[in-house]
Structure formats: structure tokens, C-alpha cells
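The values are calculated or read from the model by the stated rules, or taken from the named source; none is laboratory data. Here the structure is a predicted model, which means the values were calculated and not measured. Ligands, DNA and RNA are stripped out before the accessible areas are found, and what is left, the full protein with its side chains, is counted by its heavy atoms. Shrake-Rupley method; radii C 1.70, N 1.55, O 1.52, S 1.80 Å.
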Amino acid sequence: QWDEPWQAGDLAFPRTAVIQLADFTSLIEIRQCQERYARGVGLVYREFTILDTQCQVCCQGNFSRCSSLPWREKAEKGMIIRQTLFAYR
């Protein structure tokens, strides 16, 4: 469905679509990936999130306490990569 407007900096795209490539979350890991495509342009945004925890750093292994924390606070390793189109012809 190509109907979501989207803007990145000075670039505005009236018709984009988001594709969810991965969306998995468990107590100890999160794997998410999505891409956004603009009609007539192609890929304009991509985000990968790959984070892991054993809840040792944040909560000394207390998984019940750890489960309520946001991933950015409890992650012990991993990465978040964002790629955004900043120019095109």
C-alpha cells in the first residue's frame, strides 16, 4: 500500500510503503528490520535492530525486573543501524 507520506530532512515523499523484514522479540533478544520505499525513488530508509541481553548488567540476572526495561537500557550487546537517503537525482 503506497499511501504514507514521509520526510527526511529536506526530502519529502508523498507516497511511501514500509516493509517489515523481521520482527522478533524474546526475553533475551530482539531482531527487527524494516525498510521504507518511496514511489519513483526506491529505498529511502532502513533500520536494523539486533540487541541481546542476559540481564546481568542492568539487573544482576533478575529477568522479571529486566523484562520491564526498554531494550536500550537492558541491552548488553548488539547494534542499531539506521540508513536514510539524503540526496537523489
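Averaging sequence separations of C-alpha pairs under 8 Å and six or more residues apart, then dividing by the length of the chain, give the relative contact order as a whole percent.
Values: 170 pairs, mean separation 20.8, N = 89.
With pairs under 8 Å counted, the relative contact order is 23 percent.
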Write down the accessible area per residue of the chain in Å², having rolled a 1.4 Å probe over the full set of protein chains.
69
So I have (i) -0.36, -0.52, -1.36; (ii) -0.28, -0.40, -1.07; (iii) -0.43, -0.55, -0.91, and one of them is log10 I(q)/I(0) by the Debye sum over Cα atoms at q = 0.11, 0.13, 0.21 Å⁻¹ calculated from this model. Which one is it?
(iii)
On the accessible surface of the chain, probed at 1.4 Å, how many percent belong to carbon and sulfur atoms?
51
